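The values are calculated or read from the model by the stated rules, or taken from the named source; none is laboratory data. Here the structure is a predicted model, which is why all the values come from computation and not from measurement. Because the Cβ atoms are built from the backbone with ideal geometry, glycine has one as well, and the counts that use them run over all protein chains shown.
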Amino acid sequence: MNDFGTLLKSKNLKYEEKWCPSTVDKFEKILLSNILSSKNSGVISNICYNMQYLQYICFQIEQLNLHNIILLLLYKNFIIISMSIIEAIFYLVLQEKKLENYEERELIKKIKGNKTKIGDKYYIFDIDLYCLSEPQKVQMTFDTMIKKMKSNNILSSNPKIYKYLNKYRDSRNNVHLQNAITKHKSDFWQYQKGDYYVVKYMLYKILTDVNLFMADKNAECIKFLKLTKEEQIYTANYFKMIEKNEL
(Lines give C-alpha, C1' and ligand atoms only; values in the text may rest on other atoms or scores of the structure.)
Protein backbone atom coordinates (compact mmCIF):
# COMPACT_ATOMS: atom_id res chain seq x y z
CA MET A 1 0.00 0.00 0.00
CA ASN A 2 1.32 3.44 -0.95
CA ASP A 3 -1.31 5.73 0.52
CA PHE A 4 -0.42 7.67 3.67
CA GLY A 5 -4.04 7.32 4.74
CA THR A 6 -3.44 3.62 5.42
CA LEU A 7 -1.46 4.67 8.51
CA LEU A 8 -4.38 6.44 10.16
CA LYS A 9 -5.63 4.66 13.27
CA SER A 10 -9.16 5.63 12.31
CA LYS A 11 -8.90 3.33 9.26
CA ASN A 12 -8.38 0.36 11.56
CA LEU A 13 -6.57 -1.57 8.81
CA LYS A 14 -4.72 -4.83 9.20
CA TYR A 15 -0.92 -4.76 9.29
CA GLU A 16 -0.58 -6.11 5.74
CA GLU A 17 -2.96 -3.41 4.47
CA LYS A 18 -0.82 -0.53 5.75
CA TRP A 19 2.12 1.20 4.13
CA CYS A 20 5.40 -0.11 5.51
CA PRO A 21 9.07 0.40 4.64
CA SER A 22 11.21 -2.20 2.92
CA THR A 23 12.13 -5.07 5.18
CA VAL A 24 15.49 -5.17 6.95
CA ASP A 25 16.68 -8.17 4.95
CA LYS A 26 16.36 -6.16 1.70
CA PHE A 27 18.81 -3.55 3.03
CA GLU A 28 21.06 -6.24 4.52
CA LYS A 29 21.30 -7.88 1.09
CA ILE A 30 22.85 -4.68 -0.28
CA LEU A 31 25.13 -3.99 2.69
CA LEU A 32 26.53 -7.53 2.74
CA SER A 33 26.86 -7.84 -1.04
CA ASN A 34 30.57 -7.14 -1.29
CA ILE A 35 33.27 -6.09 1.16
CA LEU A 36 31.29 -5.89 4.40
CA SER A 37 30.87 -8.96 6.58
CA SER A 38 28.06 -10.03 8.87
CA LYS A 39 30.35 -9.93 11.93
CA ASN A 40 29.27 -6.32 12.51
CA SER A 41 25.64 -7.36 12.81
CA GLY A 42 24.74 -4.65 15.35
CA VAL A 43 26.01 -1.82 13.14
CA ILE A 44 24.48 -3.38 10.02
CA SER A 45 21.12 -3.67 11.81
CA ASN A 46 21.26 -0.03 12.92
CA ILE A 47 21.95 1.08 9.34
CA CYS A 48 18.96 -0.96 8.13
CA TYR A 49 16.59 0.44 10.79
CA ASN A 50 17.62 3.98 9.94
CA MET A 51 17.22 3.30 6.22
CA GLN A 52 13.63 2.29 7.00
CA TYR A 53 13.13 5.58 8.83
CA LEU A 54 14.59 7.54 5.89
CA GLN A 55 12.11 5.76 3.66
CA TYR A 56 9.31 6.93 5.96
CA ILE A 57 10.58 10.53 5.93
CA CYS A 58 10.59 10.52 2.12
CA PHE A 59 7.11 9.00 2.17
CA GLN A 60 5.86 11.91 4.30
CA ILE A 61 7.52 14.50 2.06
CA GLU A 62 6.00 12.95 -1.08
CA GLN A 63 2.53 12.24 0.28
CA LEU A 64 1.68 15.15 2.57
CA ASN A 65 0.97 18.81 1.98
CA LEU A 66 3.13 20.03 4.84
CA HIS A 67 3.60 23.29 6.68
CA ASN A 68 6.86 24.89 5.52
CA ILE A 69 8.65 24.56 8.87
CA ILE A 70 7.62 20.93 9.28
CA LEU A 71 8.95 20.22 5.78
CA LEU A 72 12.29 21.85 6.60
CA LEU A 73 12.58 19.82 9.80
CA LEU A 74 11.93 16.63 7.83
CA TYR A 75 14.79 17.69 5.55
CA LYS A 76 16.91 18.20 8.68
CA ASN A 77 16.09 14.73 10.04
CA PHE A 78 16.78 13.13 6.68
CA ILE A 79 20.16 14.84 6.35
CA ILE A 80 21.30 14.10 9.90
CA ILE A 81 20.32 10.42 9.75
CA SER A 82 21.77 10.00 6.25
CA MET A 83 25.13 11.36 7.37
CA SER A 84 25.08 9.00 10.35
CA ILE A 85 24.43 6.08 7.98
CA ILE A 86 27.29 7.15 5.70
CA GLU A 87 29.60 7.47 8.72
CA ALA A 88 28.66 3.95 9.86
CA ILE A 89 29.28 2.56 6.35
CA PHE A 90 32.70 4.25 6.19
CA TYR A 91 33.52 2.89 9.65
CA LEU A 92 32.75 -0.67 8.54
CA VAL A 93 34.59 -0.29 5.22
CA LEU A 94 37.74 1.08 6.87
CA GLN A 95 37.55 -1.68 9.47
CA GLU A 96 37.33 -4.36 6.78
CA LYS A 97 40.27 -2.81 4.94
CA LYS A 98 42.38 -2.60 8.13
CA LEU A 99 42.64 1.17 7.82
CA GLU A 100 41.67 2.04 11.37
CA ASN A 101 43.69 4.38 13.58
CA TYR A 102 45.98 2.86 16.20
CA GLU A 103 47.70 4.43 19.21
CA GLU A 104 50.83 2.95 20.79
CA ARG A 105 50.44 4.71 24.10
CA GLU A 106 47.88 4.73 26.89
CA LEU A 107 46.89 7.78 28.91
CA ILE A 108 47.67 7.08 32.57
CA LYS A 109 47.16 10.39 34.29
CA LYS A 110 46.41 14.06 33.72
CA ILE A 111 48.46 16.39 35.88
CA LYS A 112 47.09 19.89 36.39
CA GLY A 113 49.75 22.60 36.29
CA ASN A 114 50.04 25.80 38.29
CA LYS A 115 49.38 29.28 37.00
CA THR A 116 52.56 30.86 35.60
CA LYS A 117 53.06 34.48 34.53
CA ILE A 118 54.96 35.05 31.29
CA GLY A 119 55.19 38.69 30.36
CA ASP A 120 51.86 40.31 31.14
CA LYS A 121 49.79 37.12 30.70
CA TYR A 122 49.13 34.06 32.83
CA TYR A 123 49.44 30.51 31.49
CA ILE A 124 48.75 27.02 32.81
CA PHE A 125 50.83 24.05 31.66
CA ASP A 126 49.03 20.73 32.10
CA ILE A 127 50.82 17.39 31.67
CA ASP A 128 49.38 14.23 30.10
CA LEU A 129 51.27 11.16 31.32
CA TYR A 130 51.28 8.25 28.86
CA CYS A 131 52.58 4.70 29.09
CA LEU A 132 53.85 2.93 25.97
CA SER A 133 51.63 -0.04 25.14
CA GLU A 134 50.65 -2.46 22.42
CA PRO A 135 48.89 -0.72 19.49
CA GLN A 136 45.25 -0.11 20.36
CA LYS A 137 42.40 0.99 18.12
CA VAL A 138 41.46 4.64 18.45
CA GLN A 139 37.98 5.89 17.66
CA MET A 140 38.01 7.85 14.40
CA THR A 141 36.07 11.04 13.79
CA PHE A 142 33.85 11.28 10.72
CA ASP A 143 36.31 13.83 9.32
CA THR A 144 39.15 11.30 9.67
CA MET A 145 37.06 8.61 7.97
CA ILE A 146 36.28 10.86 5.01
CA LYS A 147 39.98 11.70 4.61
CA LYS A 148 40.97 8.02 4.76
CA MET A 149 38.32 7.03 2.22
CA LYS A 150 39.58 9.79 -0.09
CA SER A 151 43.33 9.18 0.34
CA ASN A 152 42.86 5.47 -0.34
CA ASN A 153 40.62 6.06 -3.39
CA ILE A 154 37.99 3.71 -2.00
CA LEU A 155 34.92 5.22 -3.66
CA SER A 156 34.49 4.91 -7.41
CA SER A 157 32.13 7.92 -7.40
CA ASN A 158 33.02 11.45 -8.45
CA PRO A 159 35.80 12.65 -6.05
CA LYS A 160 33.78 15.83 -5.46
CA ILE A 161 31.47 13.76 -3.29
CA TYR A 162 34.05 14.14 -0.50
CA LYS A 163 33.65 17.89 -0.63
CA TYR A 164 29.90 17.58 -0.22
CA LEU A 165 30.33 15.08 2.61
CA ASN A 166 32.50 17.62 4.42
CA LYS A 167 29.83 20.27 3.92
CA TYR A 168 27.15 18.17 5.61
CA ARG A 169 29.10 16.08 8.14
CA ASP A 170 28.74 18.67 10.90
CA SER A 171 24.98 18.94 10.36
CA ARG A 172 24.45 16.41 13.14
CA ASN A 173 25.66 19.02 15.63
CA ASN A 174 22.42 20.85 15.00
CA VAL A 175 20.59 18.39 17.24
CA HIS A 176 21.90 20.84 19.86
CA LEU A 177 19.38 23.62 19.33
CA GLN A 178 21.48 26.13 21.30
CA ASN A 179 24.10 26.04 18.51
CA ALA A 180 22.03 28.57 16.56
CA ILE A 181 23.79 31.63 17.96
CA THR A 182 22.21 33.92 15.34
CA LYS A 183 18.84 33.86 13.60
CA HIS A 184 20.48 32.90 10.28
CA LYS A 185 22.01 29.83 11.96
CA SER A 186 18.58 28.52 12.89
CA ASP A 187 17.10 25.43 11.26
CA PHE A 188 14.94 27.58 8.98
CA TRP A 189 18.08 28.80 7.17
CA GLN A 190 20.22 25.67 7.44
CA TYR A 191 18.07 23.07 5.66
CA GLN A 192 16.61 23.58 2.20
CA LYS A 193 15.23 21.37 -0.53
CA GLY A 194 18.55 21.46 -2.37
CA ASP A 195 20.37 20.12 0.71
CA TYR A 196 17.84 17.29 0.94
CA TYR A 197 18.42 16.36 -2.73
CA VAL A 198 22.22 16.55 -2.44
CA VAL A 199 22.29 14.20 0.56
CA LYS A 200 19.82 11.81 -1.13
CA TYR A 201 22.16 11.78 -4.13
CA MET A 202 25.25 11.08 -2.00
CA LEU A 203 23.66 8.25 -0.05
CA TYR A 204 22.37 6.65 -3.25
CA LYS A 205 25.80 6.93 -4.90
CA ILE A 206 27.49 5.32 -1.90
CA LEU A 207 24.97 2.45 -1.66
CA THR A 208 25.41 1.74 -5.37
CA ASP A 209 29.18 2.28 -5.48
CA VAL A 210 30.75 -0.74 -7.23
CA ASN A 211 33.81 -0.57 -4.97
CA LEU A 212 31.64 -1.11 -1.91
CA PHE A 213 28.49 -2.98 -2.85
CA MET A 214 27.04 -5.01 -5.69
CA ALA A 215 23.62 -3.39 -5.48
CA ASP A 216 21.07 -3.26 -8.25
CA LYS A 217 20.69 0.46 -8.92
CA ASN A 218 16.97 -0.13 -9.37
CA ALA A 219 16.55 -2.21 -6.21
CA GLU A 220 13.12 -1.47 -4.75
CA CYS A 221 14.44 -0.72 -1.26
CA ILE A 222 16.65 2.18 -2.44
CA LYS A 223 14.39 3.57 -5.15
CA PHE A 224 13.25 6.28 -2.75
CA LEU A 225 16.80 7.73 -2.88
CA LYS A 226 16.96 7.94 -6.67
CA LEU A 227 16.37 11.47 -7.94
CA THR A 228 13.84 12.13 -10.68
CA LYS A 229 15.00 14.00 -13.79
CA GLU A 230 13.46 17.19 -12.42
CA GLU A 231 15.23 16.69 -9.08
CA GLN A 232 18.52 15.96 -10.88
CA ILE A 233 18.31 19.31 -12.71
CA TYR A 234 17.49 21.11 -9.45
CA THR A 235 20.42 19.36 -7.71
CA ALA A 236 22.86 20.13 -10.54
CA ASN A 237 22.03 23.84 -10.19
CA TYR A 238 22.36 23.57 -6.42
CA PHE A 239 25.79 21.97 -6.83
CA LYS A 240 26.84 24.98 -8.93
CA MET A 241 25.75 27.29 -6.13
CA ILE A 242 27.78 25.25 -3.63
CA GLU A 243 30.83 25.44 -5.93
CA LYS A 244 30.45 29.21 -6.09
CA ASN A 245 30.20 29.28 -2.28
CA GLU A 246 26.85 30.97 -2.51
CA LEU A 247 25.41 28.59 0.12
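Scan the stretch 86-100 and tell me whether some residue there is closer than 19 Å to residue 155 by Cβ, among the basic types (Lys, Arg) and free of Cβ contacts under 8 Å to residues at least 40 places away in the same chain. Within the stretch 86-100, one or more residues are closer than 19 Å to residue 155 by Cβ, among the basic types (Lys, Arg) and free of Cβ contacts under 8 Å to residues at least 40 places away in the same chain. Restricted to the stretch 62-72, and to residues there that are in a helix (DSSP H, G or I) and touching a residue at least 40 places away in the same chain (Cβ under 8 Å), the residue that is farthest from residue 208 (Cα to Cα) is 69.
May I ask you to say which residue of 76, 160 is in contact with a Phe, Trp or Tyr (Cβ under 6 Å, 6 or more places away or on another chain) and either surrounded by 12 or more Cβ atoms within 10 Å (Cβ to Cβ) or in the same structural domain as residue 19 (by TED's automatic domain parsing) (or both)?
76
Among the residues of the stretch 37-52, are any surrounded by 16 or more Cβ atoms within 10 Å (Cβ to Cβ), among the aliphatic types (A, V, I, L, M), in contact with a Cys (Cβ under 9 Å, 6 or more places away or on another chain) and assigned to a helix (DSSP H, G or I)? Scanning the stretch 37-52, I find at least one residue that is surrounded by 16 or more Cβ atoms within 10 Å (Cβ to Cβ), among the aliphatic types (A, V, I, L, M), in contact with a Cys (Cβ under 9 Å, 6 or more places away or on another chain) and assigned to a helix (DSSP H, G or I), so the answer is yes.
Criterion applied to 41, 10, 84, 37 was being assigned by TED's automatic domain parsing to the domain that holds residue 212, of a type in the set (Ser, Thr, Tyr) and in contact with a Leu (Cβ under 9 Å, 6 or more places away or on another chain), and the one residue passing it is 37.
Of all residue pairs spaced 6 or more apart or on separate chains, those with beta-carbon atoms under 7 Å, a first member in the stretch 103-123 that is of a type in the set (Ser, Thr, Tyr) and a second member that is not in a strand (DSSP E or B) are 116/125. Condition check: buried (at least 17 other Cβ atoms within 10 Å of the Cβ) and modelled with pLDDT of 90 or more. Does residue 63 satisfy that? Considered against the rule, which asks whether it is buried (at least 17 other Cβ atoms within 10 Å of the Cβ) and modelled with pLDDT of 90 or more, residue 63 comes out as no. Quick check, is residue 27 in a helix (DSSP H, G or I), out of contact with any strand residue (DSSP E or B) (no Cβ under 6 Å at 6 or more places or on another chain) and farther than 12 Å from residue 207 by Cβ? Judged against the criteria, residue 27 is not a match. The set of residues in the stretch 107-145 that are outside any strand (DSSP E or B) and in contact with a Lys or Arg (Cβ under 7 Å, 6 or more places away or on another chain) comprises 126, 142, 143. Applying a threshold of 6 Å to beta carbon distances and a minimum spacing of six or more residues, or different chains, the list of pairs starting in the stretch 28-40 at a residue that is hydrophobic (A, V, I, L, M, F, W, C) and ending at one that is in a loop (DSSP other than H, G, I, E, B) reads 30/213; 30/215.
Let's see how each residue does on (1) in a helix (DSSP H, G or I); (2) under 24 Å from residue 59 (Cα atoms); (3) touching a residue at least 60 places away in the same chain (Cβ under 8 Å); (4) outside the structural domain of residue 165 (by TED's automatic domain parsing):
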site: 199; (1), (2), (3), (4): yes, yes, yes, no
site: 205; (1), (2), (3), (4): yes, yes, no, no
site: 209; (1), (2), (3), (4): no, no, no, no
site: 217; (1), (2), (3), (4): no, yes, no, no
site: 221; (1), (2), (3), (4): yes, yes, yes, no
site: 224; (1), (2), (3), (4): yes, yes, yes, no
site: 233; (1), (2), (3), (4): yes, yes, no, no
site: 236; (1), (2), (3), (4): yes, yes, no, no
